Amino acid sequence: MPETKVKKTEDFHEWYNEIVELADLCDKRYPIKGMNVWRPYGWKLMNHVDSLIRDEMEKTSHNEVYFPMLIPESLFKKEEEHIEGFGSEVYWITHAGNNKLEERWLLRPTSETAMYPIFSLWIRSHSDLPLKTFQIVNTFRYETKQTRAFIRVREIHFFEAHTCHKDFEDAERQIKEDKEIADRFLKKLCLPYIFSKRPEWDKFAGAYYTVSIDVLMPSCRTLQLGSIHQYRDNFSKPYDITYETEAGKHAYCHQTTYGMSERLLGALVGIHGDNKGLVMPPAVAPTQVVVIPIIFKGKEKEVNNVCDSFCKKLKDENIRSLVDKRDITPGNKYYDWELKGVPLRVEIGPKDVEKNMVVIVRRDTGEKKQISQKTGVKKIKEELDDISRNLYDTAKNLLDKNFHRVYTVDEAKGKQGIIELPWCRNKDCALEIENILDGNTLGEPIEDTKCDQPCPICNKPADTWMRFAKTY
């Protein structure tokens, strides 16, 4: 089978760009940089990811909403920390036709300032809490760095959950639930990840604390897929989101958010793909099984009938499948579907029809085996589950091999991936390590934080660890 011009291990970034284009995920030729056109295959893939998110939201009693894209400047300014965090990245609207607006509007960079004035109208009593909402929308940020499809764009496909609670403890329970949601969701995408508590100087604007969700790409850079924020009452005070307690007093709500972006697709492409193209986890693959008729003259109808029948059995079991009857060679079909990352290929020719067998080929390993038509659907389900396990284990091995807990800066030098070093909680020490390692601070681990080693910069006692990595 043909392979990519650029090999994944030789130049990951060029390989990534080539794969995104070859697999028809998006078109980057739109005349505004960083605002790409979703092509049908990429959009199907994103929709399958979104459907998994919606399933998780449904299970955890979140209700879907959809707020306007435009935010008036007066609402945006109400939360000063927030405007400080996003002020330089927003797109402003100043005119409607030839008429200058009395007040500027902006395209949402995220939705706190759009949603929270309305939350203050929705919430009146303790019986209205917790309020658990989410939306899947586009957000806009003026990105000045080099754009890369799905990883760094200016128009972002974005999931965001916003919740309101009666107190800090209930909001903390929500944070715990968000972590559980992330764990279940990312396992279906076969993406091992780490949670890190961001340092104070790099948390989300307006947050009490921020937990980031990061994966390690094959380039040994980390990619932040999303984040979970505990706000306390930092937003409810400026937006007057209060409720009447059981005792008849008024109290400010405590709030959380949980967001993830289309970077999920960047991680799927980069972590699972190879030199033949995409390798899609079965849970989100637009097509999970493709059936290829191997046609010989005079046997066309017989083979096609068996292909159709077998495909129908797969569909009856909710396996996304199709029969490729295009008038091109089987080899060209193999190439196309391998490029698109279809987890399993089924080949059926005249000899297979005679023996009541089919041949299955795995996309992840290339392993080929013959199975009975009678038990084929059950076997294919087992294979799809095994493909998911293999993709996760392979990605977990990449993360584990490139995760280093060391005690001195000298030990850290030359290591790739994620590096944990003792930290005294002094910002200057962390920034000094950033400079030495030419990386970025990811944050503290949220578990296993105990450290009895000295800080490698100031030599003072360190009671936790700080993670460093080159990032996207």
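What follows is calculated from the coordinates using simple rules that are stated; it is not laboratory data. Since the model is a prediction, treat every value here as computed from it, not as a measurement. Neighbour counts run over all protein chains shown; Cβ positions are idealised from the backbone, glycine included.
Using packing as a proxy for protection, rank 198-211, 264-277 so that the peptide with the highest average count of other Cβ atoms within 10 Å comes first. Kindly include the intermediate steps, with their values, before the conclusion.
Numbers: 198-211: 18.9, 264-277: 23.1.
The packing order, highest mean first, is 264-277, 198-211.
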Determine the sum of side-chain charges near THR365: Lys and Arg each +1, Asp and Glu each -1, restricted to other residues whose C-beta is under 15 angstrom from that of THR365. -2
So which trypsin sites (Lys or Arg not before Pro) in segment 432-472 are both in a DSSP loop and have at most 11 other Cβ atoms within 10 Å of their Cβ? LYS450
Segments 354-361, 105-112 sorted - mean Cβ within 10 Å per residue, highest first: 105-112, 354-361
Round to the nearest 0.05 the FRET efficiency obtained for LYS237 and GLU302 when R0 = 60 Å and r is the Cβ-Cβ distance. 0.25
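Tally Lys/Arg at +1 and Asp/Glu at -1 over every other residue whose Cβ is under 14 Å from the Cβ of GLU169; what's the total?
Working: positive: LYS166, ARG173, LYS176, ARG232; negative: ASP167, ASP170, GLU172, GLU177, ASP233.
Local charge sum for GLU169: -1.
Gain in length, GLU14 to GLU169, computed as 0.36 nm per residue apart minus the alpha-carbon separation, to one decimal in nm? Intermediate values should be presented prior to the final figure.
Details: separation 155, 0.36 × 155 = 55.80 nm, distance 4.67 nm.
Contour length minus the Cα-Cα distance gives 51.1 nm.
Between LYS249 and ASP24, what length comes free when the chain is fully extended (0.36 nm per residue of separation minus the Cα-Cα distance, one decimal in nm)? Don't jump to the answer; show the numbers that get you there.
On the way: separation 225, 0.36 × 225 = 81.00 nm, distance 5.73 nm.
This chain segment gains 75.3 nm when fully extended.
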When every alpha-carbon pair in segment 346-472 is counted, what percent end up more than 23 Å apart? 52 percent
Where does the chain land at 222 nm, in deg cm²/dmol rounded to the nearest 500, when only DSSP H runs of n ≥ 4 count, each adding -39500 (n - 2.57), divided by all residues? -10500 deg cm²/dmol
Per the C-alpha gyration tensor (a ≥ b ≥ c, the square roots of its eigenvalues), segment 169-229 is rounded if a/c is under 1.5, else prolate if a/b beats b/c, else oblate; here it's oblate
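Rounded if a/c is under 1.5, else prolate if a/b beats b/c, else oblate: with a ≥ b ≥ c from the C-alpha gyration tensor eigenvalues square-rooted, which is segment 303-374? Can you show the working numbers first?
On the way: a/c = 1.31, a/b = 1.26, b/c = 1.04.
It comes out rounded by the Cα gyration axes.
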How large are Rg and Dmax for segment 224-367 when only the alpha carbon atoms are used, in Å? 25.3, 84
Segment LYS187-ASP316, length gained on full extension (0.36 nm per residue, minus Cα span): 43.9 nm
Rg/Rh over Cα atoms for the chain, Kirkwood Rh, comes to 1.02
Report the one residue of TYR258, TYR239, LEU339 whose Cα lies farthest in the direction of the positive end of the charge dipole of the chain (charges on C-beta: Lys and Arg +1, Asp and Glu -1; origin at the Cα centre). LEU339
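According to the square roots a ≥ b ≥ c of the eigenvalues of the Cα gyration tensor, what is the shape class of segment 57-216, taking rounded for a/c under 1.5, prolate for a/b larger than b/c otherwise, and oblate for the remainder? Intermediate results must be reported in sequence, preceding the final value.
On the way: a/c = 1.79, a/b = 1.23, b/c = 1.45.
Oblate, since a/c reaches 1.5 and b/c is not below a/b.
With N residues in segment 145-274, what two-decimal value do you get for its Cα radius of gyration over 2.2 N^0.38 Å?
Working: Rg = 16.9 Å, N = 130, 2.2 N^0.38 = 14.0 Å.
That ratio works out to 1.21.
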Selection from THR408, ALA285, VAL49 lying farthest towards where the dipole of the chain points positive, charges on Cβ: ALA285
ARG124/LYS5 FRET efficiency (R0 60 Å; Cβ-Cβ; nearest 0.05): 0.45
Spin-label pair GLU64/PHE403, simplified geometry with 7 Å Cα→Cβ offset, distance in nm: 3.3 nm
Taking placed amide H atoms and a strict 5 Å upper bound, the residues 5 or more places from GLY443 or on another chain that come that close are ARG467
FRET efficiency for ASP428 and ASP448 from the Cβ-Cβ distance with R0 = 30 Å, rounded to 0.05, comes out at 0.75
